[in-house]
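Notes follow once the structure below has been shown.
The values are calculated or read from the model by the stated rules, or taken from the named source; none is laboratory data. Treat the numbers as computed from the prediction; the structure is a model and nothing was measured. In this analysis, Cβ positions are derived from the backbone assuming ideal geometry, glycine residues included, and neighbour counts consider all displayed protein chains. Keep in mind that these areas ignore ligands, DNA and RNA; they rest on the heavy atoms of the full protein, side chains included. Shrake-Rupley method; radii C 1.70, N 1.55, O 1.52, S 1.80 Å.
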Amino acid sequence: EAGVAQSPRYKIIEKRQSVAFWCNPISGHATLYWYQQILGQGPKLLIQFQNNGVVDDSQLPKDRFSAERLKGVDSTLKIQPAKLEDSAVYLCASSFSASATGDTQYFGPGTRLTVL
Amino acid sequence: AQKITQTQPGMFVQEKEAVTLDCTYDTSDQSYGLFWYKQPSSGEMIFLIYQGSYDEQNATEGRYSLNFQKARKSANLVISASQLGDSAMYFCAMRHTGGFKTIFGAGTRLFVKA
């Protein structure tokens, strides 16, 4: 079974530029998550999708971050314009269904973003 | 408010010995789930083990076991017979029923010495 795919793996941009990340979840997984992990910290949830609807985006900086999940499968996360503090690893995860406490999330390899 | 605390920023263990990584949590929910993930230097988060709040027995998965003490709100990870490949960051996480959001602790970096 294929895991969660993410691209690119690394990205370096100048501040005020825009950037987009792509995620393809495990087949059959209804729930998709985007996390931001700043160096030395645990992952922080940015947005959670159930199929193609948003379940939680309370910690997404909506003035600069946006995300969509087309047809309930692939997802893209965009930052426009980027700030220095956006430098982090962006992790995508998927799970079968978020409606149970035991629903396990499986993570992709992450995208390491550096904003100069 | 829900919270996960991992008080050990770094831990050292000798190869082949057992090690315990601490995790305490705070929640007012009765139904919740506790997870441990491993993050090697490659960056990918790898699921290790899960414990439900109503599970009476401690979870085990191979060399990993979860020492669940509900009254103390602790969910410590025990790794038996440590291997060099166990060197990584380890994160404790909790999912609660209110929105089924998962929160992560700050992590513990484990160093396994040969």
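Please note which strands (runs of 3 or more DSSP E) are completely contained in segment A:58-116 and include at least 1 residues that are over 12 Å from A:Tyr35 (Cβ atoms), facing chain B (nearest Cβ under 9 Å) and open to solvent by 80 Å² or more (accessible area, probe 1.4 Å).
Values: elements: A:65-69, A:75-79, A:88-95, A:111-115.
Answer list for segment A:58-116: A:111-115.
Please go through segment B:45-88 and pick out each residue that is part of a loop (DSSP other than H, G, I, E, B), in contact with a Lys or Arg (Cβ under 9 Å, 6 or more places away or on another chain), within 14 Å of chain A (Cβ to nearest Cβ) and open to solvent by 50 Å² or more (accessible area, probe 1.4 Å).
We begin by selecting, within segment B:45-88, every residue part of a loop (DSSP other than H, G, I, E, B); these are B:45, B:53-59, B:62-63, B:70-73, B:80-83, B:87.
Cutting the leftovers down to in contact with a Lys or Arg (Cβ under 9 Å, 6 or more places away or on another chain) gives us B:45, B:53, B:80-83, B:87.
Within this subset, residues satisfying the condition of being within 14 Å of chain A (Cβ to nearest Cβ) are B:45, B:53.
None; the set is empty.
Against the condition on the phi < 0 side of the Ramachandran plot and out of contact with any Pro (no Cβ under 6 Å at 6 or more places or on another chain), how does A:Gln50 come out, does it pass?
When the stated conditions are applied, A:Gln50 passes them.
Could you run through segment B:103-114 and say how many residues are at the interface with another protein chain (Cβ under 10 Å from one of its Cβ atoms) and either open to solvent by less than 10 Å² (accessible area, probe 1.4 Å) or part of a strand (DSSP E or B) (or both)?
Of the residues in segment B:103-114, 5 are at the interface with another protein chain (Cβ under 10 Å from one of its Cβ atoms) and either open to solvent by less than 10 Å² (accessible area, probe 1.4 Å) or part of a strand (DSSP E or B) (or both).
Note down all Cβ pairs under 8 Å where the first residue falls in segment B:55-76 and is closer than 18 Å to A:Thr101 by Cα, the second is exposed (fewer than 15 other Cβ atoms within 10 Å of the Cβ), and they're at least six residues apart or on different chains.
B:Leu66/B:Thr60; B:Lys73/B:Asp26; B:Ala75/B:Gln69
May I ask you to verify whether A:Leu46 is part of a strand (DSSP E or B) and more than 8 Å from chain B (Cβ to nearest Cβ)?
Yes, satisfied.
Given the residues B:Phe35, B:Phe100, B:Phe91, which is the only one that is surrounded by 19 or more Cβ atoms within 10 Å (Cβ to Cβ), within 11 Å of chain A (Cβ to nearest Cβ) and part of a loop (DSSP other than H, G, I, E, B)? Break it down stepwise before answering.
Values: B:Phe35 fails: part of a loop (DSSP other than H, G, I, E, B); B:Phe91 fails: part of a loop (DSSP other than H, G, I, E, B).
Every option except B:Phe100 fails the conditions.
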